[in-house]
Amino acid sequence: MKSSDKHEKIIRAAVKVFAKKGFFSARISDIAKAAKVADGTIYLYFNNKFDILISVFDEEIGKFIAQTKKLVDQEENPQKKIEVFALKHLSMAKENKSLAEIIQMELRQSHKLIKEYRKTIFSEYVDIISAIIRQGQAKGIFRKDVKPGIAKRAFFGALDEMTRLWVLSPKPPYDIEDTAKQISNIFLHGINAS
């Protein structure tokens, strides 16, 4: 097996183990077992459990952010961009429940390393929303008095709460597409210029 394949296998296993057991309860041996590699193999790729978690954030969440930006950039209309962002965010809970669970649980930890990481990775993510808002304001579509920094957190908060509901529910109570549209509509009615 190629080195990059083992690295990817360990990351995928770590996502599942962290989602199931939580970061602090998970052990390197749990990840090794899930990846079907020897415990020592983990240390060929990662220094410790925090290194694995940061790699999960960098690689998996990094891919998700890149995909979201690409989808948003394909739209011209800022209102449509908001809907695209909402649908992509909520779809993650359906497509990769383990990753959504890690985001919900582990990024809320108070450990210093995680807090520092949270500042950078989620700033990049929610800044997609504020960029859309600024673009809509420049085009006269969104109200000029709306502060993008506040609006992005309000919008993300609504999406995050729905994701939390799906992560914790054995059967999601709402349809993802309908939920994305409803949250977007509520938000857009609040910031639209007319």
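Derivation of every value follows stated rules applied to the coordinates shown; laboratory data play no part. Treat the numbers as computed from the prediction; the structure is a model and nothing was measured. Glycine gets a Cβ as well: all are built from the backbone with ideal geometry, and neighbour counts include every protein chain shown.
Given the structure, is ALA26 touching a residue at least 12 places away in the same chain (Cβ under 8 Å), small (Gly, Ala, Ser) and in a helix (DSSP H, G or I)? When the stated conditions are applied, ALA26 does not pass them.
For every residue, the table says whether it meets (1) touching a residue at least 60 places away in the same chain (Cβ under 8 Å); (2) over 12 Å from the mean Cα position of the chain (by Cα).
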{"site": "GLU60", "(1), (2)": "no, no"}
{"site": "GLN74", "(1), (2)": "no, yes"}
{"site": "LYS80", "(1), (2)": "no, yes"}
{"site": "VAL84", "(1), (2)": "no, yes"}
{"site": "ALA93", "(1), (2)": "yes, no"}
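Checking the structure you have, find out if any residue of segment 40-59 is acidic (Asp, Glu), surrounded by fewer than 15 Cβ atoms within 10 Å (Cβ to Cβ), out of contact with any helix residue (DSSP H, G or I) (no Cβ under 7 Å at 6 or more places or on another chain) and not in a helix (DSSP H, G or I). No, segment 40-59 has no match at all.
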